[in-house]
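Worksheet for the structure shown next.
Every read-out reported here was derived from the displayed coordinates using simple, explicitly stated rules and does not represent laboratory data. This is a predicted model, so every value here is computed, not measured. Cβ sites come from the backbone with ideal geometry, for glycine too, and all protein chains shown count toward neighbours.
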Amino acid sequence: MGSLRKIIHIDMDCFYAAIEMREFPELKGKPIGIGGGERGVLSTANYEARKFGVKSALPTKLAVSLCPHLILRPHRFPLYKEVSYQIREIFYKYTKKVEPLSLDEAYLDVSDNIEFKGSATLLAQQIQKEIYKTTQLTASAGVGPNKMIAKVASDWNKPAGVFTVPPGNVDNFMMDLPVKKLFGVGKVMQESLSRWGIKTCGDLQTWDKESLYKEFGNMGLHLYKICRGKDNRKVVSSWERKSISVENTFSDIDHIKEIHERIKELYEDLHLRFEKLNEKRPIKTMHVKAKTNDFQSHTMDRSFSSFPKLEEYIKLVEDLFFKLELPVRLLGIGVRFEEKDSLRSLQLGLLED
Ligand code: TTP
Ligand code: MG
């Protein structure tokens, strides 16, 4: 394999909303929001609703005030999962190196593909066509020499578009890219950078490594690399995984009952993902994660040797929640696997070549 990698990032367009519009064609052309509930936040909205500023994670009440004729529809996770597996099957036809990020998103390493004379762009278009034929839904694709660039690029021509950044265009592409598009740059970081007049990756590139480290610590070193379009992360396919986890953001939750509900939803998702794994390594630990409304992340884990029951997650999340004493705005759960070369794997005779 040559040293240059070709990565495709596929992301479905307004995924949950697009599925609902497919199932109920009378919704097409009207603004719709998915999920929510009176006290909740929207999971997503279609593009008609986005014109009004309605988007994922917006509280339902606010969404309705921005767009009074917004049509609200409940989630139907089993259906979304079914579609998610359909699109994954399509990815696996072209490469085994598929790293799903969520139900509607995945990285594909197609460096070794020979279809279309090695053109990753034509291959991405072929995958889009196949997704449409199978699901009647559109996907957007980004193509680039690494994961970070492919992911940013898939957002460039949404919906149903493809955007390619060939290796020779990386410098140009990065120069004008707003820093908020970078992996790991959230609202708080954006504000800190903006105080230094840094808006684009080009602005960031004028800083040397030492100054970035001095001002932003380890995050500064990360920024130094990614603002130049450098990202060496491998596409990690599911059988190489060290762990699987799922998480979701909510508007602040301060009620244990609501936490139970959320964990139940996450558990269903985690369980399905576990069932779908091609290779099931022995489990080492289970964990829960919560982000509190002061933006701090907290985790708690327990040793565990089989796939935990829902009750185990509820117990663990209760322990964490009562320790935090703050409203929670993100919850996640997961399991970690034994390392392939760990003592326990060796004892179980699971060490592979
Ligand atoms: P996204 O790919 O982020 O959004 P999207 O597919 O709806 O829209 P886009 O065209 O911009 O890609 O997320 C995929 C699905 O995940 C989305 O349809 C609903 C769900 N989701 C949540 O439940 N909560 C969230 O905060 C986000 C961002 C997504
Ligand atoms: Mg999407």
Task: Asn146 long-range amide H proximity, modeled H, under 5 Å - done: Ile7
Task: Selected from Gly168, Leu212, Ser154, residue furthest toward positive end of dipole (the range 130-227; charges at beta carbon) - done: Ser154
TODO: Describe numerically, in nm with one decimal, the distance between label points set 7 Å from Cα along Cα→Cβ at Ser56 and at Trp156.
DONE: 2.0 nm
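Suppose every Lys and Arg Cβ carries +1 and every Asp and Glu Cβ carries -1, with no other charges. What dipole size does the range 259-346 come out with about its Cα centre, to the nearest 20 debye?
So the magnitude is around 200 debye.
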Task: Extension gain from Glu265 to Leu324, taking 0.36 nm per residue of separation minus the Cα-Cα distance - done: 19.1 nm
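Considering Cα pairs under 8 angstrom that are at least six residues apart, work out the relative contact order of the chain and quote it in whole percent.
On the way: 619 pairs, mean separation 48.7, N = 353.
Computed over the chain, the figure is 14 percent.
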Task: Any cysteine of the chain lacking a neighbouring Cys Cβ under 4.7 Å - listed by number - done: Cys14, Cys67
Task: Charge dipole of the chain about the Cα centre (unit charges at C-beta), most positive-ward option of Ile19, Leu79, Val317 - done: Ile19
- [ ] Only bridges with both residues in the chain count here: give the DSSP antiparallel percent, nearest 5.
- [x] 90 percent
Open item on the list: Order these by the 10 Å Cβ neighbour count, fewest first: Ser119, Ser243.
Closed with: Ser243, Ser119
- [ ] Can you tell me the relative contact order of the range 29-108? Whole percent, Cα pairs under 8 Å, sequence separation 6 or more.
- [x] 24 percent
Open item on the list: Give me the one-decimal nm value for the distance between modelled label points at Ile114 and Ser211, 7 Å along each residue's Cα-to-Cβ direction.
Closed with: 5.0 nm
Task: Inter-site label distance for Gln86 and Arg22 at 7 Å from Cα along Cβ, in nm - done: 0.4 nm
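Quickly rank 157-169, 290-302 as a protection proxy: mean count of other C-beta atoms within 10 Å, highest first.
Numbers: 157-169: 16.2, 290-302: 14.2.
Going from most to least packed, we get 157-169, 290-302.
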Task: Gyration tensor verdict on the range 132-234 (Cα atoms; rounded if a/c is under 1.5, prolate if a/b is larger than b/c, oblate otherwise) - done: prolate
- [ ] Could you please rank Asp254, Asp269, placing first whichever residue has the fewest other Cβ atoms within 10 Å of its Cβ?
- [x] Asp254, Asp269
Open item on the list: If you build the convex hull over the alpha carbons only and average its shadow over all orientations, what do you get for the chain? Give it in nm² to one decimal.
Closed with: 19.8 nm²
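Pairs of Cα atoms under 8 Å, at least six residues apart: use those to get the relative contact order of the range 266-320, whole percent. List each step's numbers first, then the result.
Numbers: 49 pairs, mean separation 17.4, N = 55.
Once divided by the residue count of the range 266-320, the mean separation gives 32 percent.
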Open item on the list: Could you tell me the calculated FRET efficiency between Ser306 and Gln136, based on Cβ-Cβ distance and R0 = 51 angstrom, to the nearest 0.05?
Closed with: 0.85
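Based on DSSP H runs of at least 4 residues, each adding -39500 (n - 2.57), what is the mean residue ellipticity at 222 nm of the chain after dividing by all its residues, to the nearest 500 deg cm²/dmol?
Values: 14 runs with 140 residues, N = 353.
Helices in the chain give a 222 nm mean residue ellipticity of -11500 deg cm²/dmol.
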Task: the range 239-288, dipole about Cα centre (Lys/Arg Cβ +1, Asp/Glu Cβ -1), debye to the nearest 20 - done: 420 debye
- [ ] Would you work out which of Leu122, Val64, Leu42 lies farthest towards the positive end of the dipole of the range 16-126, given +1 charges on the beta-carbon of Lys and Arg and -1 on that of Asp and Glu, about the Cα centre?
- [x] Val64
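With 10 angstrom as the radius, rank Trp156, Trp207, Trp196 by how many other C-beta atoms surround their C-beta, starting from the fewest.
Values: Trp156 16, Trp207 20, Trp196 13.
Listing Trp156, Trp207, Trp196 from fewest to most nearby Cβ atoms yields Trp196, Trp156, Trp207.
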Open item on the list: Need the full-extension length gain, His75 to Lys230, defined as separation in residues times 0.36 nm minus the C-alpha distance. One decimal, nm.
Closed with: 52.0 nm
Task: Debye, to nearest 20: dipole size of the chain, +1 on Lys, Arg Cβ, -1 on Asp, Glu Cβ - done: 420 debye
